[in-house]
Amino acid sequence: MTIDLKNLTIAKAAEGLKKGSFTSVQLTQAYLDEIAKRDGDIHAYLEVFADTLQSAEAADIRIKNGTAGPLTGIPMAIKDNILIQDKIASSASKMLEKYKATYDATVIAKLKKEGVVFIGRTNMDEFAMGGSTENSAFGVTHNPHETSRVAGGTSGGSAAAVASNMTLAALGSDTGGSIRQPASFCGVVGLKPTYGAVSRYGLIAAVSSFDQIGPVTRTVADAEIIFNAIKGRDTKDGTTIESGDGKTAVTYLPSRMGKKKPIVGIPRSFLSMGGIDPDVKKSFEESEKRFKDMGYEIRDIELPSNQYALPVYYILNFAEVSSNMARFDAVKYGLHVNGKDSIDDYFESRRAGLGKEVIRRILLGTYVLSSGYYDAYYNRANAVRSMITDDFLKAFESVDIIATPTTPSTAFKIGEKASDPVAMYLEDIFTVTANLTGLPALSIPCGTAIKEGKSLPIGLQLTARHGDEKTLFEAGKDFLGE
Ligand code: GLN
């Protein structure tokens, strides 16, 4: 039996399963076949689970019994920093290479209840630090559109797996763009939910005040289905809130300007800065026109503090990373290397277990948090973070959505930026603001550019008010004609 994986969506698959056009075992097997064929070139997966077909069998029983939900029997890949009980969760680090999760992350517990079939764990930049999945301790993930290019990062494995039909959907995590940037590079959809909309319990922490788990999918409707399944308050994560219905906006702002179609704001002067690829610019202008043609009102907005977003993001990122990484002490988790004495065990284990980018961030983060510099860097960055948030809240007094490109360029070559951390960090210019402000942001494919004879995807990023994922889904579906 052949299933048309190229045109499959979660809704279509659920219908096919319900009608008996195929079983979850057959559907899962189709993806496993695709993995066997393609993952040698792409390396999206760190592990394909041996018990995948067993979960598919269990799902098939539920479907037969008539107790299936919209995600029962749907194959999904999981980023390697999200805990699934009794499975390895390595965060693509040697430090956790053999670490087996002792419990399920809240999102996993929720998806298990739904009867989702977990196919495997996907490659990523070590501990979610990077922008290309080149920082994995276990090899680079290649872009399915052109394998000499990066898939993006840090959820590069998840995005590449969805883009190459090696899963129907995936979970990623987003600290500064790690769902949206690889989604953009691979031509798929990625959602970074409102901060607190989705529980972080069981997500290996990178930057606790930025991290969010979210879906990577082929369509906006699929992202919505997964978001609705994983969102919600969780007593195990005190930062969680109810989100997504557009009514429970967390700020004082109204959930919508009262018009039928959302009003789209464009931060014109922010976009006029240098460094944006002309093809990306052109595609963004076409997207703006498309919104206009569909009857959306476009308004120019100002986000003056955005010019500080990158330095602020990286100061806070390094600071929180240095603190979060302290738990890898060679005693509680992961790798243990014997040194001369117990303090030396600590040094030797961290030296052997952590990659260059992680060590760089621990060093810089420790520096910005040190007593002589704390005020000058960490505190100042936090103050500017509030200014950036205020700019966005002000803009949302007159618009419902803010549109920008997701990334300033299309997927770059493997190795092109790996030795230049600043060039890599500059890739995050449009994505970090959603994490600094806690706002929800969606990346959708909006066009392609020809680079060296190959067609590469371009992404459009839409940001909405806190708690207003609903408007993002609405506009995203409208834009893509779903
Ligand atoms: N590229 C950004 C960074 O390296 C974002 C990473 C992420 O979202 N996990 O910090």
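The values are calculated or read from the model by the stated rules, or taken from the named source; none is laboratory data. Source: prediction; values computed, not measured. No Cβ is skipped: glycine too gets one built from the backbone with ideal geometry, and neighbour counts run over all protein chains shown.
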Would it be correct to say that T28 is modelled with pLDDT of 95 or more, surrounded by 23 or more Cβ atoms within 10 Å (Cβ to Cβ) and closer than 30 Å to V150 by Cβ?
yes
Being β-branched (V, I, T) and more than 12 Å from the ligand (Cβ to nearest atom) is the filter; apply it to the stretch 167-214 and report the residue that is nearest to Y103 (Cα to Cα).
V198
Which residues, counting only those in the stretch 351-374, are more than 22 Å from I315 (Cα to Cα) and free of Cβ contacts under 8 Å to residues at least 60 places away in the same chain?
R351
Would you point out the residue of the stretch 1-25, among those that are among the β-branched types (V, I, T) and touching a Ser or Thr at 6+ places or on another chain (Cβ under 9 Å), that is modelled with the lowest pLDDT?
I3
Out of T23, T9, which single residue is farther than 22 Å from G153 by Cβ and free of Cβ contacts under 8 Å to residues at least 60 places away in the same chain?
T23
Look at A160 and say whether it is modelled with pLDDT of 95 or more, among the hydrophobic types (A, V, I, L, M, F, W, C), more than 11 Å from the ligand (Cβ to nearest atom) and surrounded by 24 or more Cβ atoms within 10 Å (Cβ to Cβ).
yes
Considering residues of the stretch 88-141 that are surrounded by fewer than 24 Cβ atoms within 10 Å (Cβ to Cβ) and on the phi > 0 side of the Ramachandran plot only, the residue farthest from the ligand (Cβ to nearest atom):
G115
Does at least one position in the stretch 347-368 carry a residue that is of a type in the set (G, A, S), more than 16 Å from the ligand (Cβ to nearest atom), more than 26 Å from the chain's Cα centre (by Cα) and more than 30 Å from K281 (Cβ to Cβ)?
yes
Output the residue which, of all residues in the stretch 382-411 that are within 14 Å of the ligand (Cβ to nearest atom) and surrounded by fewer than 23 Cβ atoms within 10 Å (Cβ to Cβ), is farthest from A464 (Cα to Cα).
S409
Residues of the stretch 16-60 classified as of a type in the set (D, E, K, R) and within 15 Å of R121 (Cα to Cα), total
3
Across the stretch 284-310, the tally of residues that are in a loop (DSSP other than H, G, I, E, B) and without any contact (Cβ under 8 Å) to a residue 24 or more places away in the chain stands at 0
Suppose we filter A403, A423 for residues that are small (G, A, S) and under 19 Å from F473 (Cα atoms); which single one remains?
A403
Quick check on the stretch 416-431. Is at least one of its residues more than 16 Å from the ligand (Cβ to nearest atom) and surrounded by fewer than 24 Cβ atoms within 10 Å (Cβ to Cβ)?
no
Go through the stretch 207-236 and count every residue that is among the hydrophobic types (A, V, I, L, M, F, W, C), closer than 17 Å to Q181 by Cα and not in a strand (DSSP E or B).
3
Specify which of the listed residues (G447, G481, G438) is over 21 Å from the mean Cα position of the chain (by Cα), of a type outside the set (D, E, K, R) and more than 19 Å from R268 (Cα to Cα).
G481
Only one of I84, I61 is away from the ligand (no atom under 16 Å from the Cβ), out of contact with any His (no Cβ under 9 Å at 6 or more places or on another chain), closer than 28 Å to D41 by Cβ and free of Cβ contacts under 8 Å to residues at least 60 places away in the same chain, namely I84
Name the single residue, out of those in the stretch 269-287 being at pLDDT 95 or above, out of contact with any Leu (no Cβ under 9 Å at 6 or more places or on another chain) and surrounded by fewer than 16 Cβ atoms within 10 Å (Cβ to Cβ), that is farthest from L363 (Cα to Cα).
E286
Being among the aliphatic types (A, V, I, L, M) and touching a Pro at 6+ places or on another chain (Cβ under 8 Å) is the requirement here; does A11 meet it?
yes
Residue among K98, K112 that is of a type in the set (D, E, K, R) and in contact (Cβ under 8 Å) with a residue 12 or more places away in the chain:
K98
